[in-house]
1. Work the Kirkwood hydrodynamic radius out for the stretch 105-241: mean of 1/r over every pair of different alpha-carbon atoms, inverted, in Å.
2. Please report 117, 70 as a ranked list, fewest other C-beta atoms within 10 angstrom at the top and most at the bottom.
3. Only counting other Cβ atoms within 10 Å, I'd like 228, 83 sorted with the fewest neighbours first.
4. Highest mean first, what order results for 155-163, 230-238 on Cβ atoms within 10 Å?
5. Taking neighbour counts of Cβ atoms within 10 Å as a proxy for exposure, in what order, fewest first, do 90, 168, 213 appear?
6. Using a Gaussian network for the chain with springs between C-alpha atoms less than 10 Å apart, which of these wobbles most: 167, 154, 204?
7. Top mean-square fluctuation among 85, 103, 240, Gaussian network model of the chain, C-alpha springs under 10 Å?
8. For the stretch 66-120, what is the per residue volume of the convex hull drawn over the alpha-carbon atoms, in cubic angstrom?
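What follows is calculated from the coordinates using simple rules that are stated; it is not laboratory data. Keep in mind that this is a model prediction, so the values were computed, not measured. FYI the Cβ positions are ideal-geometry reconstructions off the backbone, even for glycines, and counts take in every protein chain you see.
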Ligand code: 13P
């Protein structure tokens, strides 16, 4: 059975020590008591070490928001895999805000290199995939997602694929207050992501990775997403930045269906 996962992508928020510590101290006890969903906070790099201390005995895990594929080298401003592996368990890779659609112009090939390096360093990659509004309206969603997932996971074996987390984040739904409908997200994940995995790696492998939905998830709609058989959790942006996140996690854990 796939364990439910709620990952908080703080993006470029709460990156100052005092703000991050205040927020985490406020939610950690309540979130830590909730059973039935794993919770990962992905703050800016600047506060990872400190939050690691505060959450040392907590069930809440940490993740980074990006990573370079190289261990070290002349890469100004970058952070390598082994710099992170002592600080966190997860790393978000290929977020649309870092792809060509975002601000960092990251290619599918770069994301694939990062996925390999993250797994090599013992990190769990949360690989983000999603189509733009134009692609959606042009009927290209399935082709775009298959291309992205195929490129991101190229060269992995079945066991490694099973270890990854995928996050379906339609770009038009991010930060818009207008999420995909749960039925639509479930159908897309089933058809384009697990369908691709079944074709490439076989049915058994296709059932392994956890797949999250992301894009305007909040405490009011999380139950509907968690009620879908192909959706194992959420990647939450804006709604992870205030104390209402505790209620979101509680509802997610309470609704989780028993998958396969
Ligand atoms: P919002 O939840 O703010 O729409 O952001 C989603 C997201 O990009 C998470 O990675």
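1. In the stretch 105-241 this quantity evaluates to 15.0 Å.
2. Lowest count first: 70, 117.
3. Taking fewest neighbouring Cβ atoms as first place, the list is 83, 228.
4. 230-238, 155-163
5. Ordered from fewest to most neighbouring Cβ atoms within 10 Å, 90, 168, 213 come out as 90, 168, 213.
6. Maximum among the listed residues: 204.
7. Between 85, 103, 240, it is 103 that shows the largest mean-square fluctuation.
8. In the stretch 66-120, the Cα convex hull volume per residue is 78 Å³.
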